[in-house]
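K.L.:
First the structure, which I've put down as structure tokens, then a few questions once you've had a look.
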Number of protein chains: 2
Amino acid sequence: MTEPSRPDRPIRCFAMKVCYDGTDFHGWQRQVGYRTVQGAIEEVLARITREEIVTEASGRTDAGVHALGQVVGFRTSSRMDTNDLRRALNALLPDDVRVLEARIAPDDFHPTLDSLGKRYRYVIDNAPIGDPFRRRTCWHIRGPLDEGAMRRAGQALVGTHDFRSFETDWPNRKTSIRTIFDLTVERSGTLVIIEVEADGFLYNMVRCIAGTLAQVGHGRRLEPWVGAVLRAQARVEAGPTAPPQGLALLSVRYPWWGPEME
Amino acid sequence: MTEPSRPDRPIRCFAMKVCYDGTDFHGWQRQVGYRTVQGAIEEVLARITREEIVTEASGRTDAGVHALGQVVGFRTSSRMDTNDLRRALNALLPDDVRVLEARIAPDDFHPTLDSLGKRYRYVIDNAPIGDPFRRRTCWHIRGPLDEGAMRRAGQALVGTHDFRSFETDWPNRKTSIRTIFDLTVERSGTLVIIEVEADGFLYNMVRCIAGTLAQVGHGRRLEPWVGAVLRAQARVEAGPTAPPQGLALLSVRYPWWGPEME
């Protein structure tokens, strides 16, 4: 990551667990003229540290996508303590983004490259009438979904596969091979909750999976179809990309920090 | 309520149970140049019925205040069936307001005047770090609240009293006497949930009660103070008015329609 501007002081690497409601952000990545999570955090960090700080996240989230446990890293010569840093950020950040925790990370920490795995959640509001209070965090599907069929169908995706059928073409990747460790589909009242944990994700992968499993949930496709889509290795075979607001990055795992260690 | 424009057809009175996220509305009441719930509903009703419809609600809600079961009435000569009306409204309304149910009401129905009682909920997010996903529906109070003390203190308000200590002066009322049937304070994880049911409410009454009980929850005031505030009959004695976003109108009761009958 970028070096801070005062190399006369010892440099430390901070890692922060960050939560945000993505609705009113233009995604994670800094963009001139747009309100982004990275832009909001870097602006406040500059005020706190009086350095020009460049942050890195475990991965970008698109406009409208949320995070409950995004991990953000940066390097600074500021001598601030982790708790003071967290408090100062939360005092100055807008209230749709909060720093849940800050830690000193290993010197060579890189949130994207060091990640061992990430877990995403996709939530569908499956009530006959969409809940106004869930419209920012759910995909509303009126017709009843069979979550058991979705769960069974989704198991075809668990394991190491070429997931190009579930990747939006742009940007192209060197490889589309990823390993899904876990894929669950649960109903909680009117909500259908899909969770996917993998060593890495392709662009729009969870939203493509959610849109594909919804086809099975509707009964428009049979359970074995999902495995056939995977084997076809062609995006046109899969279901539509589900809308962004249902998606949230839950957690990121590192050798030295992750959900297992809490 | 206002008569529809086609008196040649029989006129019926409809009652609807309406849910809205009040964040992006300038309150219930129609106001030129502002986005209001009444304005949104009347605009869609005019398109559906081709009549100029005037609605009445059980009561106004302020900007930022929500409703889970607001009751809205109107008169029309439209022959539409209640289910078709609900579906047509939900198809055309913005997704932060939904019609949960529509019924034919008694001919002389008036949502404000006929109400036997209403129930409001006020929610406090009492986590050390405010949840970005709850900022639109909760009042964030960082310091730990003693919800047991709030519950006990609040019982002084149950019964028939002059509640002018809990009324924002404007608009003045003929009488400030109301009857609170039930006042509960419960903790659910990091949330502290206050519910108040009464035969009627003064302006800002629930928000004044929430702000007052929070003083007790903080330990800044002792439990008997709430009764003393009530007896003082002076607004200056009570706590601050809690912010609007924590407040939601839960339900309204009528002789022929209410939560008890469901």
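K.L.:
For the range A:233-245, which residues satisfy the criterion of being within 25 Å of residue A:162 (Cβ to Cβ) and either surrounded by 13 or more Cβ atoms within 10 Å (Cβ to Cβ) or of a type in the set (Val, Ile, Thr) (or both)?
P.N.:
Result: A:233, A:235, A:236, A:237, A:238, A:239, A:241, A:242, A:244.
K.L.:
Please specify each residue of the range B:252-262 satisfying the condition of being loosely packed, with under 15 Cβ neighbours inside 10 Å and touching an Asp or Glu at 6+ places or on another chain (Cβ under 8 Å).
P.N.:
Within the range B:252-262, B:255 is the sole residue that qualifies.
K.L.:
Right, here's the next one. Does residue B:160 satisfy being more than 19 Å from the chain's Cα centre (by Cα) and either closer than 22 Å to residue B:113 by Cα or of a type in the set (Lys, Arg) (or both)?
P.N.:
yes
K.L.:
List pairs: first residue in the range B:142-167 and part of a helix (DSSP H, G or I), second residue aliphatic (A, V, I, L, M) and surrounded by fewer than 19 Cβ atoms within 10 Å (Cβ to Cβ) anywhere in the structure, Cβ distance under 8 angstrom, at least six positions apart or on different chains.
P.N.:
Taking only residues 6 or more apart or on different chains, the pairs are B:164/B:234; B:165/B:232; B:165/B:234.
K.L.:
Considering only residues that are away from every other protein chain (no Cβ under 14 Å) and among the aliphatic types (A, V, I, L, M), look in the range B:9-48 and name the one that is surrounded by the most Cβ atoms within 10 Å (Cβ to Cβ).
P.N.:
B:45
K.L.:
Turning to a different aspect of this structure: Please work out if residue A:183 is closer than 26 Å to residue A:116 by Cβ and either among the polar types (S, T, N, Q) or in a strand (DSSP E or B) (or both).
P.N.:
Spelling it out, residue A:183 is indeed closer than 26 Å to residue A:116 by Cβ and either among the polar types (S, T, N, Q) or in a strand (DSSP E or B) (or both).
K.L.:
So, one more: Please go through the range B:25-39 and give me each residue that is without any contact (Cβ under 8 Å) to a residue 24 or more places away in the chain and in a loop (DSSP other than H, G, I, E, B), ordered by number.
P.N.:
Residues satisfying the conditions are B:30, B:31, B:32, B:33, B:34, B:35, B:36.
K.L.:
Regarding residue B:54, is this residue of a type in the set (A, V, I, L, M, F, W, C), touching a helix residue (DSSP H, G or I) at 6+ places or on another chain (Cβ under 9 Å) and closer than 22 Å to residue B:136 by Cα?
P.N.:
Criteria not met by residue B:54.
K.L.:
Looking at B:177, B:194, B:209, can you tell me which residue is in contact (Cβ under 8 Å) with a residue 24 or more places away in the chain and in contact with a Ser or Thr (Cβ under 8 Å, 6 or more places away or on another chain)?
P.N.:
B:194
K.L.:
Return yes or no: is residue B:137 in contact with an Asp or Glu (Cβ under 7 Å, 6 or more places away or on another chain), modelled with pLDDT of 95 or more and hydroxyl-bearing (Ser, Thr, Tyr)?
P.N.:
no
K.L.:
OK, next. Between B:202, B:249, B:213, B:230, which is part of a strand (DSSP E or B), crowded, with 19+ Cβ neighbours inside 10 Å and in contact with a strand residue (DSSP E or B) (Cβ under 8 Å, 6 or more places away or on another chain)?
P.N.:
B:249
The values are calculated or read from the model by the stated rules, or taken from the named source; none is laboratory data. In this text the structure is predicted, and so the values were computed from the model without any measurement. Note that we place each Cβ from the backbone using ideal geometry, even for glycine, and neighbour counts take in every protein chain shown.
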